[in-house]
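Here's the structure we're looking at; comments come further down.
The values are calculated or read from the model by the stated rules, or taken from the named source; none is laboratory data. Just so you know, these numbers come straight off a predicted model, no measurement behind them. Cβ atoms come from the backbone with ideal geometry, glycine included; neighbour counts cover every protein chain shown. Keep in mind that these areas ignore ligands, DNA and RNA; they rest on the heavy atoms of the full protein, side chains included. Shrake-Rupley method; radii C 1.70, N 1.55, O 1.52, S 1.80 Å.
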Amino acid sequence: MKNRRIISKTIAIVTLLAVAFACAALFAACNKSETKGIADIFKNRGSFGELTSSKSEFTLPTGWEVYTDSDPDTSSSSSSKDYLKNSDVGYIPEIDAFIVSQKAGSSTKLSVVKCGDKTVYHSDLIAGMLFHPSQGIRALRYKDGLIVCLFDDGTAGAFDAKTGREVLSRSKLGKDPEKNSTGYSDTTDVNIDTVIKALCGGLIAVHYDYDHNGQSGYISIYRPTYEGAQGQRGELVCRIKSNVGLSQVEGFDGKYATVSGTSNGEYIFKIPDHAPTGGAQNIDSTSRGTFTTNSKTNYTDETTYLGNGKFYVCQDWEVSEGNDYAYYNGSKYVDLRHGVYNAEKDSFTEVGKDIIFNDLTNNYYTSKKAGVDTKPYLNDGYTYVTFGMTVYESNGKKLGSFDQFIIDDDLNVVMSLKDNFGVTISDQTKDKVDRFDLMMYGVDGVYYAPFKPSEINLYDKNGKVLGHNDRSAITNQILNGNIAVAKMPGSSSSSSLFGAYDKTGELLVPFDYDDMLPFRGEYTIGRRYGKKDTEGESTSTRYLRLIGADGKEVSEVEVVDKDGNITKAKPFSDIGYKTASSTSITNAVYKAGCYLFRVDTGEKNGSSKIYKYGVRNFSPAYQDSVIIPATMEAGSTIYAPDNSPFDVFVFAKTSGTGENDFTYVVYRLL
């Protein structure tokens, strides 16, 4: 049975008649001229199959490795710590590239290597390696074809991700080597996000403290330039008024910027193509593009870019009983002003109050605006409304009925959670949206909500229910093949439980595991505590389990010994660890579809055994499972980025005699 609980606290009880009236008003008010199906709105991919082979992508120069951890070292004083990096790390899927690092004394130098790129950018480095260590990059961020960087010498700049060409010169930003210590602010001990930010569409924002042409109270906006003298690239086209940091500045389509989420209101700017004669000007938002509190009670506002220069803006505030109001939420009367600001025309058009949109997000926002990142799931051109309401009258009061919507850039509702799918969610407020049933994703034409659904539902491309389960505590789920692995909260705030169900919603694997990866092929890996009735196991110890597509655990697999003989053993008895000296289960190395295995060479280093390492998939048969034979040295590992767990890579290490005398080969698993 579906979750049909009524909205509590802030959402009034909706009668069947009121719902019908509200839906009719909704579609009339929003000019719903064309119905869109699931396949039009949400992305769809095929299933990822069993991993069976590998492809060598590149071999890093000696002393370089893939950079997978940018946590700052705060254990020592500012002068000796290993920088406050807060850099991007690992794999950048948009450009199929890796961020790599080289230790140089107490510092770390960064570069980017593009897979499949045969261009040699530096004669003493490998093909595809964009930046030289002499450039001294210590932190970087990628966005929309640009890479912004901080450098060892206290400067900052930006590069084209395709060619590695400088497009905003470091001589303009950060510490000025021609000035004394009272010159422009040094970037050495600050977060990259404090200094410079790549915005959507190729704009670059720089905080005034670090811009040689900056002015206090204004964020500098640069456009990249690809020609001209080295050291003179990047055009300062304007400065936009802001009393906050870069985290609250966003750019859109290379034409517009906002300063939002501040206590003072929302501000929208149109960015010029070039600076006028005489130089860049300081720009305040226009009166129509400024949305401020005006001293209203419990005032809130929100701005969301829809595309084509249009922004949806909603301002609401509390009013006293007896005054004009938009709706009553069960405890207070709320009035509002909402509509579309057109930045090209500098015009604001109000819309009716019979339908209200709050907590919106779309693919223009890479951060989790409204609590969810839509880019992996939602097609461009649509916006997800996580807290929507239709307003209706009951007993002389205007009340709100909660819903979630997908809208287009004209505010037309093209999909409704309640109307299209019959799902009603309870206990949602404008300040606490924690269910995202209408953010769906397709796998082999089966659509589901990957993130915090109120119930488990699977649909075909026409919206027909294929499977259902009432379970309401799911926080994440990943469907691959015919099986969805799901995560829910455990017994403590820091623990989780994992299980799996099939495409009909039937429970396949009980929620007994504290870790489980998505299926690839017929098997996956899980981790749970031992059971009393299992020989050789302790109920206080966690063990790795091989789980089949039938939901049952496999008790025995084939492994190979030091003499090359294939024998029977418990699953994962040959698993490799992050470090050879630590065999804790939390250090075991495995990713979706594969794990690192080790083979005893029969040799020793002192009293310690020497192992060689390889990569297997989860097939119980040894000969069928080996992807990379056990030829790799200790320190080799498997990597998959959190935002794309099916992109699986191997970093195969070869060690020399010195501390930094090592080489990594990067393989892609297929």
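Is it the case that some residue within segment 368-378 is of a type in the set (A, V, I, L, M, F, W, C) and either open to solvent by 50 Å² or more (accessible area, probe 1.4 Å) or at pLDDT 95 or above (or both)? Yes, segment 368-378 contains at least one residue that is of a type in the set (A, V, I, L, M, F, W, C) and either open to solvent by 50 Å² or more (accessible area, probe 1.4 Å) or at pLDDT 95 or above (or both). Of all the residues in segment 325-367, those that are of a type in the set (S, T, N, Q) and loosely packed, with under 15 Cβ neighbours inside 10 Å number 5. Screening G658 on (1) under 25 Å from G105 (Cβ atoms); (2) surrounded by 20 or more Cβ atoms within 10 Å (Cβ to Cβ) shows it passes everything except condition (2). Take the conditions (1) part of a strand (DSSP E or B); (2) surrounded by fewer than 20 Cβ atoms within 10 Å (Cβ to Cβ); (3) modelled with pLDDT of 95 or more; F498 misses just one of them, which is (2). Cβ-Cβ contacts under 9 Å between residues 6 or more apart (or on different chains), taken from a first residue in segment 533-548 that is among the acidic types (D, E) to a second residue that is part of a loop (DSSP other than H, G, I, E, B) and open to solvent by less than 40 Å² (accessible area, probe 1.4 Å), are listed as E537/G530. So for segment 172-188 (the condition being under 26 Å from the mean Cα position of the chain (by Cα), part of a loop (DSSP other than H, G, I, E, B) and either β-branched (V, I, T) or at pLDDT 95 or above (or both)), does at least one residue qualify? No; the residues of segment 172-188 include none that is under 26 Å from the mean Cα position of the chain (by Cα), part of a loop (DSSP other than H, G, I, E, B) and either β-branched (V, I, T) or at pLDDT 95 or above (or both). With the structure loaded, tell me whether V433 is within 22 Å of K464 (Cβ to Cβ) and open to solvent by less than 40 Å² (accessible area, probe 1.4 Å) or whether it fails that test. So V433 fails the test. Among the numbered conditions (1) open to solvent by 60 Å² or more (accessible area, probe 1.4 Å); (2) touching a residue at least 24 places away in the same chain (Cβ under 8 Å); (3) assigned to a strand (DSSP E or B); (4) not acidic (D, E), tell me where R598 comes up short. That leaves (1) as the condition not met.
Take the conditions (1) part of a strand (DSSP E or B); (2) open to solvent by 20 Å² or more (accessible area, probe 1.4 Å); R528 misses just one of them, which is (2). The one condition from (1) hydroxyl-bearing (S, T, Y); (2) open to solvent by 50 Å² or more (accessible area, probe 1.4 Å); (3) modelled with pLDDT of 95 or more that S78 does not meet is (3). Against the conditions (1) assigned to a loop (DSSP other than H, G, I, E, B); (2) over 20 Å from R45 (Cα atoms), M439 satisfies every one except (2). Checking every residue in segment 239-256 against the condition of being under 30 Å from N323 (Cα atoms) and loosely packed, with under 15 Cβ neighbours inside 10 Å gives zero matches. Consider segment 570-584. How many of its residues are loosely packed, with under 15 Cβ neighbours inside 10 Å and more than 26 Å from R668 (Cβ to Cβ)? Summing the residues that are loosely packed, with under 15 Cβ neighbours inside 10 Å and more than 26 Å from R668 (Cβ to Cβ) in segment 570-584 gives 5. Take the residues of segment 280-308 that are touching a residue at least 40 places away in the same chain (Cβ under 8 Å) and small (G, A, S): which is farthest from V340 (Cα to Cα)? Going through the qualifying residues, I end up with A280.
Considering segment 296-343, the residues that are of a type in the set (S, T, N, Q) and assigned to a loop (DSSP other than H, G, I, E, B) include one that is farthest from the chain's Cα centre (by Cα), namely N323.
Would segment 354-361 turn up any residue that is more than 13 Å from D409 (Cβ to Cβ) and part of a loop (DSSP other than H, G, I, E, B)? Scanning segment 354-361, I find at least one residue that is more than 13 Å from D409 (Cβ to Cβ) and part of a loop (DSSP other than H, G, I, E, B), so the answer is yes. The set of residues from segment 152-171 being assigned to a strand (DSSP E or B) and of a type outside the set (S, T, Y) comprises A156, G157, A158, F159, D160, E166, V167, L168. Summed over segment 633-649, the residues that are more than 19 Å from F519 (Cβ to Cβ) and either touching a His at 6+ places or on another chain (Cβ under 6 Å) or β-branched (V, I, T) (or both) give a count of 1.
The set of residues in segment 452-493 that are farther than 16 Å from Y513 by Cβ, open to solvent by 20 Å² or more (accessible area, probe 1.4 Å) and out of contact with any helix residue (DSSP H, G or I) (no Cβ under 9 Å at 6 or more places or on another chain) comprises K464, L466, H468, N469, D470, S472, G481, N482, S493.
Of all residues in segment 401-430, those satisfying the criterion of being assigned to a strand (DSSP E or B) and either basic (K, R) or buried (at least 20 other Cβ atoms within 10 Å of the Cβ) (or both) are S401, F402, D403, Q404, F405, I406, I407, V413, V414, M415, S416. Of all residues assigned to segment 308-322, none qualifies as being farther than 28 Å from V413 by Cβ and among the hydrophobic types (A, V, I, L, M, F, W, C).
Residues of segment 123-151 that are in a loop (DSSP other than H, G, I, E, B) and touching a Ser or Thr at 6+ places or on another chain (Cβ under 9 Å): L125, I126, A127, G128, L130, F131, H132, G136. Of everything listed in (1) at pLDDT 95 or above; (2) assigned to a loop (DSSP other than H, G, I, E, B), the single unmet condition for A473 is (1).
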